[in-house]
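Input: a single structure, listed below in structure tokens.
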Amino acid sequence: MAKTALITGVSGQDGSYLAELLLDKGYEVHGVVRRSSSVTRSRLDHLQSENLEDLHLHYGDLGDPLGLVRIIDRYGPDEVYNLAAQSHVAISFQQPEYTGDVTGVGAMRLLEAMRVAGSEARFYQASSSELYGSTPPPQSEVTPFHPRSPYAVAKLYAFWATVNYRESYGMHASNGILFNHESPRRGENFVTRKITRGVADIVHGKATELRLGNLDAKRDWGFAGDYVEGMWLMLQQGTPDDYVLATGEAHSVREFCEIAFGHAGLDWEQYVVVDPEFFRPAEVDYLLGDPTKARTELSWKPTTSFEQLVTMMVDADLAAG
């Protein structure tokens, strides 16, 4: 009998890749989507056309606990992946309370919904490298957290809520502390996609410059398609735990620009303008993950290099026009 998975945030970058992975593994996938005036499910279009019998979308919201109980009770998932969040760091400074409610308390609502419904599903919480903030690299599962944004603070709440429900109720609940992971499906307001979309716009004559913030910020960047396999592997373990998923390499925003523009035959320095408007109130300068535990215990490792990731994203945006 096929396993059933429930994914919140299924229409996002990670949700769409995870849905693909689980469908390929023979799962029946139920995705939770928010009702909005404009339908934003383009990342799922190909899946809905190919797997109509195995992919099911349901309206729901992490702000609606009773609705979550109903979905869990009705479909009885074997695995629950909480990927829903207000996930943009810069926007979290503009909407701190909303970010805290959805990204932080929303995770607890989902855990409580599972408890109330009597669910024995295994639970995955999408934690973030932003938890580490200003803590010096490299960062691992035992590194102290020092969040530097409302988003990171909300993720810290969700992280400890997951640990608390695991310890209090014996739930198979795990945190995946994922470092930056990108793809052609990344939202256009994230810096990596902003860069690759900017390159395409310049090549196609739609723009003459690209305005960015801190070019010296370093991140551990990987491919989202690799990281969703790590999420799945966490829920296949006999004992729940928390794991860092990362490449173990850090690159600056400047390096990302160099490769992206260079791939299109352009000199980035002729087009990139540093704009103070895009600096954060509290900067996170250097995130570098230590994925030793995931590599050892999950047999997980990324397969896409930094340069492959950047050029993949540039090619996709160039092709999109």
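Laid out as a table, the results:
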quantity: DSSP-defined antiparallel bridges as percent of all bridges, the chain, nearest 5; calculated: 5 percent
quantity: Karplus (6.51, -1.76, 1.60) ³J(HN,Hα), θ = phi - 60°, over segment 166-177, in Hz, Gly and Pro reported as x; calculated: 5, 7, 7, 10, x, 6, 7, 10, 10, 9, x, 8
quantity: Cα-based helix-to-principal-axis angle, 253-263 vs the chain, degrees rounded to 10; calculated: 70 degrees
quantity: Kirkwood Rh and Cα Rg combined as Rg over Rh, evaluated for segment 48-165; calculated: 1.02
quantity: Average silhouette area of segment 183-231, convex hull of alpha-carbon atoms, in square nanometres; calculated: 4.3 nm²
quantity: Nearest-ten-degree value, helix 65-75 long axis tilted from longest Cα axis of the chain; calculated: 70 degrees
quantity: Spatially proximal aspartates and glutamates relative to residue 301 (Cα-Cα < 18 Å; intrachain offsets below 8 disregarded); calculated: 14, 141, 182, 220, 226, 229, 241, 242, 249, 290
quantity: Pair-distance profile P(r), taking every C-alpha pair of the chain, with 20 angstrom steps and integer %; calculated: 32, 59, 8
quantity: Over the chain: helical MRE at 222 nm, DSSP H runs n ≥ 4 each giving -39500 (n - 2.57), nearest 500; calculated: -11500 deg cm²/dmol
quantity: Relative packing of peptides 135-141, 5-11, 308-314, 189-195 - highest average C-beta neighbours within 10 Å first; calculated: 5-11, 308-314, 189-195, 135-141
quantity: ³J(HN,Hα) computed for each position of segment 302-311 - Karplus, 6.51 cos²θ - 1.76 cosθ + 1.60, integer Hz, glycine/proline x; calculated: x, 10, 10, 6, 4, 5, 4, 5, 5, 5
quantity: Rounded to 10°, Cα long-axis angle of helix 13-24 versus longest principal axis of the chain; calculated: 50 degrees
quantity: Cα Rg over Rh - segment 204-245, Kirkwood; calculated: 1.27
quantity: Packing-based ranking, highest mean first, of 294-307, 116-129 given that Cβ atoms within 10 Å are counted; calculated: 116-129, 294-307
quantity: Fully extended contour minus Cα-Cα distance, from residue 58 to residue 97, at 0.36 nm per residue; calculated: 11.5 nm
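Quick note: the coordinates plus some simple rules give every number you see, no bench work behind them. Treat the numbers as computed from the prediction; the structure is a model and nothing was measured. FYI the Cβ positions are ideal-geometry reconstructions off the backbone, even for glycines, and counts take in every protein chain you see.
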